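Structure first, then comments.
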Amino acid sequence: MNTVIIKRRLIIIVLLFITVITVDYGFAEIIDDISVTMEPTEGFGQSTHGYLEYRFELENLSSDKEHFVSLAYPKSTYNKGDTIRQIKKAVMLRPGDKVTVSLFQPPLRIEGSSEVDIEIDGRSPRMDNSIILPHQSHGIDISYGRDSKACVLLARDVPGDFNQAIERAFPRNDDNNAKASGGFSISRISPRPGISHIVGLPGGPPDILDTFEAKRSESNIDRWSGNWLGYSRYDCIVLTGREMTLAPGHVKAALLRYVECGGTMVVTGQWQAPQEWESKKQTGSEVTTYYAGFGECLSIPQSDVNNWSVELWGNIRDSWLRTWQTWQSIKSVEDANKAFSVVDNLSIPARGLFVLILVFALLIGPLNILFYSNKRRRMRLLWTVPLLSVITSAAVFAYSLFSEGITGQVRLECLTVLNENSHRATTLGWLGYYCPLTPGGGLHFDTQSELTPQIAQHYWYDGGRSRDVDWTNDQHLGSGWLAARIPAHFMLRKTETRRERLTVRHDQQGNVSVVNSLGADIEKLWLADEDGTIHTAKNIPAGDTKNLNPGPKADADPNVLRKVYSSDWLGTINKLSADTKNDAESFLQPGCYIAVLGDVPFMEKGLNKANIKKSKTIVYGIME
């Protein structure tokens with residue numbers, strides 16, 4: 001009898017174990033009528049850029065009641081330094097509704113509890129068990145002596161052991177390891193406060209296994225994110241052609257957008273790339289590289305990573321380092337304002353204030369006392385001193401108000417890749433803000449924009465402010481992101497569907513003209529036709545037509561935009577918009593154009609009622 005019971009218990013234990021390792025769900029909790037399921041997330045030792053996604057599946061189990069559900073993380077915070085105080089989102093669930101809710105954490109640390117705060121219809125229900133999120137080390141980190149690693153996400157179906165395969169290709173301290181570095185070096189954080197940068201390490205290139213961290217996904221691809229922001233923290237994503245074929249439409253679209261925004265994707269086995277990628281590819285013996293937007297996709301017919309050659313491994317590593325290295329130059333507030341000035345003078349108007357205070361001191365002190373002493377009415381000092389103080393305070397306030405005003409300023413510059421065939425616009429850019437008074441409404445962006453604040457510090461707890469993010473209606477960067485008289489700068493990536501285009505016409509005499517349908521005036525235009533001849537024009541108002549003048553031949557590599565992504569974005573924007581020769585032929589390929597716009601139709605300013613300063617857009621159009 002005891003033997004039968006023991007066998008039954010063993011069978012139950014085995015079945016439970018199989019269920020745990022095969023079921024693709026996270027922790028689930030039923031709270032009143034609401035079922036909350038936490039989806040698993042991949043925990044890296046440290047991810048330093050992009051957004052970290054926490055996903056929950058909410059289901060209204062009621063058959064007749066709708067509920068307003070709010071999720072916020074963390075439930076409590078320590079508010080130390082430049083951190084995220086809380087990220088939240090609220091949704092309305094009708095009876096029987098089942099929705100996926102994502103909380104995206106920008107690249108700043110969260111210092112607080114691991115509990116998720118759940119409110120249903122405006123109240124916090126009593127819960128037997130708290131929903132706990134696993135600790136994730138995510139955010140800008142330039143602490144002294146800490147090295148940053150590229151984050152590589154492996155899909156479940158990728159065969160072989162990724163780490164073992166790359167270690168066999170490049171044994172530690174092997175000479176081939178140095179050859180595979182492709183000229184890149186791992187980042188060691190500068191001990192100087194304010195800015196981090198890529199520097200060489202003593203003793204030569206590091207071992208390849210020390211330059212990245214690979215994690216296998218805990219979810220099948222059909223449960224992956226449908227927003228490219230959920231992949232933005234990864235420097236490389238490796239998956240199989242079968243997974244790409246079977247992926248739901250929203251997941252596949254998000255992965256393609258991730259690549260176009262500068263990511264690296266490796267697809268093993270047979271796979272059909274999007275048609276719009278076919279014109280920008282390079283084919284080799286082991287890999288076909290597609291250059292899409294600012295990123296690249298490596299299609300490798302050999303599916304088993306154990307059979308990849310040393311040269312192929314080197315190409316893959318160089319690719320993810322091109323994604324990774326862009327985010328190793330986060331600037332301090334001061335350095336960001338030097339590189340991208342949004343206000344000419346940050347200093348306090350000390351001279352004017354000193355004169356004002358000096359006059360106040362003379363009036364309230366010796367002159368006031370001398371005047372009423374001579375008149376033998378010293379009792380009047382009891383009300384003249386407060387009156388003069390109020391007048392002086394009002395004068396100081398008025399002086400500051402008239403010297404800077406009360407309206408904030410915003411500066412925007414961006415480079416947009418506009419694929420007219422797929423109607424996709426992918427934008428890289430910088431935003432700068434300066435507000436004399438702290439605005440109450442914060443910043444508003446769409447849910448496809450990634451913003452990286454430029455607030456590098458020597459230690460994460462040095463001063464700073466905690467910040468809120470609300471994803472209920474849009475991406476609302478609430479309190480803490482903007483402060484009075486302190487510039488705020490962001491690097492931005494975004495992707496969206498756009499219908500703007502440049503209509504090209506050819507007449508019988510071979511002349512080329514264009515119709516400006518880009519939504520803003522064109523200051524300068526370079527257009528490469530089918531045979532590579534570059535045609536130029538200046539000053540084309542929105543909606544107008546203008547003839548172009550033929551010039552030199554285009555001479556750009558298919559990966560030119562990839563090089564732009566890995567370099568200084570502002571430097572490229574300034575080079576392409578400069579009045580002097582900008583070597584457009586080295587950027588253009590046949591069937592493409594570069595247009596310099598004096599406005600920013602592909603970038604939202606984020607701050608309502610702000611004055612726009614020095615706006616500029618470079619459009620890299622792809623017509624074929």
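The values are calculated or read from the model by the stated rules, or taken from the named source; none is laboratory data. What you see is a predicted model; the values in this text were computed from it and never measured. Positions of Cβ are generated from backbone atoms using ideal geometry, with glycine treated the same way; all protein chains shown enter the neighbour counts.
Brief remarks on what is shown
- For beta carbons closer than 7 Å, sequence separation of 6+ or different chains, a first residue in the range 463-475 that is touching a residue at least 24 places away in the same chain (Cβ under 8 Å) and a second that is surrounded by fewer than 17 Cβ atoms within 10 Å (Cβ to Cβ) and among the charged types (D, E, K, R), the qualifying pairs are D474/D446; Q475/D446.
- Just so you know, in the range 490-513 the residues that are in contact (Cβ under 8 Å) with a residue 60 or more places away in the chain and more than 25 Å from the chain's Cα centre (by Cα) include one that is farthest from A254 (Cα to Cα), and it is V504.
- Cβ-Cβ contacts under 8 Å between residues 6 or more apart (or on different chains), taken from a first residue in the range 546-572 that is in the same structural domain as G262 (by TED's automatic domain parsing) to a second residue that is assigned to a strand (DSSP E or B), are absent.
- Residue tally, condition modelled with pLDDT under 95 and aliphatic (A, V, I, L, M), over the range 264-286: 1
Residues checked against (1) modelled with pLDDT under 90; (2) among the β-branched types (V, I, T):
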{"residue": "V99", "(1), (2)": "no, yes"}
{"residue": "L103", "(1), (2)": "no, no"}
{"residue": "V116", "(1), (2)": "no, yes"}
{"residue": "D121", "(1), (2)": "no, no"}
{"residue": "S124", "(1), (2)": "yes, no"}
{"residue": "N129", "(1), (2)": "yes, no"}
{"residue": "P134", "(1), (2)": "yes, no"}
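So that you can scan it fast, the table gives a plain yes or no per residue for (1) more than 21 Å from the chain's Cα centre (by Cα); (2) surrounded by fewer than 24 Cβ atoms within 10 Å (Cβ to Cβ); (3) over 22 Å from P558 (Cβ atoms); (4) not assigned by TED's automatic domain parsing to the domain that holds Q448:
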site	(1), (2), (3), (4)
T240	yes, yes, yes, yes
V251	no, yes, yes, yes
V259	no, no, no, yes
V267	yes, no, no, yes
W271	yes, yes, no, yes
Q282	yes, yes, no, yes
E286	yes, yes, no, yes
T289	yes, yes, no, yes
G295	no, no, no, yes
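- The numbered conditions (1) in contact with a Leu (Cβ under 9 Å, 6 or more places away or on another chain); (2) modelled with pLDDT under 90 are all true for W224 except (2).
- Residue check for D318: surrounded by fewer than 17 Cβ atoms within 10 Å (Cβ to Cβ), modelled with pLDDT of 90 or more and in the same structural domain as Q164 (by TED's automatic domain parsing): yes
- Hey, K563 modelled with pLDDT under 95, surrounded by fewer than 17 Cβ atoms within 10 Å (Cβ to Cβ), within 20 Å of T416 (Cα to Cα) and basic (K, R) or not: yes
- A count restricted to the range 480-500 and to residues that are of a type outside the set (D, E), buried (at least 17 other Cβ atoms within 10 Å of the Cβ) and on the phi < 0 side of the Ramachandran plot stands at 12.
- Residue match in the range 417-424 (condition: touching a helix residue (DSSP H, G or I) at 6+ places or on another chain (Cβ under 9 Å), hydroxyl-bearing (S, T, Y) and at pLDDT 95 or above): no
- Close contacts from the range 599-624, counting a first residue that is outside the structural domain of C414 (by TED's automatic domain parsing) and over 22 Å from Q448 (Cβ atoms) and a second that is of a type in the set (D, E, K, R) and buried (at least 23 other Cβ atoms within 10 Å of the Cβ), with Cβ to Cβ under 6 Å and a gap of 6+ residues or different chains, come to none at all.
- Search result, residues across the range 402-448 that are among the small types (G, A, S), in contact with a strand residue (DSSP E or B) (Cβ under 8 Å, 6 or more places away or on another chain) and either under 19 Å from V564 (Cβ atoms) or free of Cβ contacts under 8 Å to residues at least 60 places away in the same chain (or both): A425, G429, G442
- Residue in the range 317-345 that is farthest from V560 (Cα to Cα), counting only those that are assigned to a loop (DSSP other than H, G, I, E, B) and free of Cβ contacts under 8 Å to residues at least 60 places away in the same chain: N345
- Within the range 216-230, the residues that satisfy the criterion of being over 13 Å from D157 (Cα atoms) and surrounded by fewer than 20 Cβ atoms within 10 Å (Cβ to Cβ) are R223, G226.
- Any hit, the range 589-600, residues being assigned to a loop (DSSP other than H, G, I, E, B), crowded, with 18+ Cβ neighbours inside 10 Å and out of contact with any Cys (no Cβ under 7 Å at 6 or more places or on another chain): yes
- Considering the range 31-53, the residues that are over 28 Å from R322 (Cβ atoms) and not charged (D, E, K, R) include one that is farthest from the chain's Cα centre (by Cα), namely I31.
- 3 or more residues within 16 Å of the chain's Cα centre (by Cα) and within 30 Å of P274 (Cα to Cα): qualifying strands (runs of 3 or more DSSP E) within the range 415-486: 424-434, 449-453
- Residue in the range 185-199 that is touching a helix residue (DSSP H, G or I) at 6+ places or on another chain (Cβ under 6 Å), surrounded by 16 or more Cβ atoms within 10 Å (Cβ to Cβ), modelled with pLDDT of 75 or more and under 28 Å from L229 (Cα atoms) present: no
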